[in-house]
Amino acid sequence: MKKIKSILAISSLGVLSIGTAAAIVGCNKTSNTDVELVSLAANGTPGIETTTKLTLTTNINIKNLKKDDITITDTNTSTKLTVGTIKLISDTTYDINITGTWGNGDVVSITINKKGYTFVGSPNVKINKDDNIHVQLKSLTADGASGDQTTTELFLDTDKTIANLVIADITVKNDTSSKTLTVDKVTFTTSPTYTIAIDGEWNDSDIASITIKKTGYTFTGSPTTKLNKTSV
């Protein structure tokens with residue numbers, strides 16, 4: 001803001017004179033650059049894979065954006081999440097690593113406070129949390145004897161119990177022929193072992209594999225076993 005005031009000036013001749021001059025009171029204010037926070041996205045899969053990063057899109061580049069400029073808030077709990085490294089993906093796209101405690105489906109918001117910029121827009125996004133029970137499929141064995149007795153049951157060992165495991169959760173495949181075998185029955189034998197009755201077509205020493213898909217669980221491990229077939 002400018003003011004006109006009388007000042008005492010010394011001329012080049014050394015004579016004192018009273019003149020009127022324009023004087024600036026305070027510093028000139030630099031105009032901020034307006035930036036729109038356009039969108040916010042999260043990686044991960046609901047209930048299965050925990051979010052590790054957010055992707056922020058803006059309308060223009062923010063020079064030298066740092067983690068201290070950014071606040072990520074879990075709006076469900078009002079908790080501030082920890083901002084980690086920031087990676088510039090494109091001129092207006094940023095990957096922001098986050099850590100903290102949140103629930104699956106919680107909504108987070110982002111605010112940025114940086115000198116020289118004015119930010120508009122309030123994007124938010126649901127973040128994901130792996131709250132599944134993790135079960136390792138440790139081993140798979142088949143009954144019967146090669147050439148003498150055909151396999152009728154498989155025995156699956158896991159590292160923990162799978163509650164209410166049913167036929168529809170299980171796929172048994174003959175990897176040698178790429179055919180899917182029929183699962184007839186599942187019995188919880190001894191913790192944590194399951195007996196799985198199967199039927200279908202295979203030759204002696206064909207390789208069988210098992211996969212399980214069940215809501216609330218994440219399964220790891222890919223055990224296989226040789227199937228047995230009576231020689232004709």
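Results, tabulated for the structure shown:
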quantity	calculated
Dipole magnitude of the chain, debye to nearest 20 (Cβ charges: Lys/Arg +1, Asp/Glu -1, about Cα centre)	2000
Simple label model, 7 Å out from Cα along Cβ direction - LYS126 to THR111, nm	2.5
HN-Hα J in Hz across the stretch 45-54 - Karplus 6.51, -1.76, 1.60, θ = phi - 60°, x for Gly and Pro	10, x, x, 10, 10, 6, 5, 10, 8, 10
Cut-off 18 Å, label 7 Å out along Cα→Cβ of THR195, residues of the stretch 146-182 by amide N	149-158, 162, 164-167
3J(HN,Hα) from dihedral phi, the stretch 150-162, Karplus parametrisation 6.51/-1.76/1.60, rounded to Hz, x for glycine, proline	6, 5, 10, 9, 10, 10, 9, 9, 10, 8, 7, 6, 9
Under-5 Å amide H pairs with ASP131, H placed in peptide plane, nonlocal only	GLY47, ILE48
Mean Cα-pair separation over length for the chain, i.e. relative contact order, pairs under 8 Å, 6 or more apart, %	16
Once the Cα gyration tensor of the chain is diagonalised, semi-axes √(5λ) in Å	73, 16, 12
Heavy-atom accessible area ranking, 1.4 Å probe, most first, across PHE155, PHE188	PHE188, PHE155
Neighbour net charge for ALA42 - beta-carbon separation under 14 angstrom, K R +1, D E -1	-2
Radius ratio Rg over Rh of the stretch 145-212, counting only Cα atoms, Kirkwood formula for Rh	0.97
Amide proton proximity set for ASN124, modelled H, under 5 Å, gap of 5+	LEU40
Nearest-10 value in Å² for the accessible area of TYR117, using the 1.4 Å probe	40
Phi to ³J(HN,Hα) by Karplus 6.51 cos²θ - 1.76 cosθ + 1.60 over the stretch 165-180, Hz, x for Gly, Pro	5, 10, 3, 5, 7, 10, 10, 10, 10, 7, 5, 5, 9, 6, 9, 8
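The values are calculated or read from the model by the stated rules, or taken from the named source; none is laboratory data. Since we're looking at a predicted model, the values are computed, not measured. All Cβ positions, even for glycine, are placed from backbone atoms using ideal geometry, and neighbour counts span all protein chains on display. We work out accessible area using only protein heavy atoms, side chains counted, and drop any ligands, DNA or RNA first. Shrake-Rupley method; radii C 1.70, N 1.55, O 1.52, S 1.80 Å.
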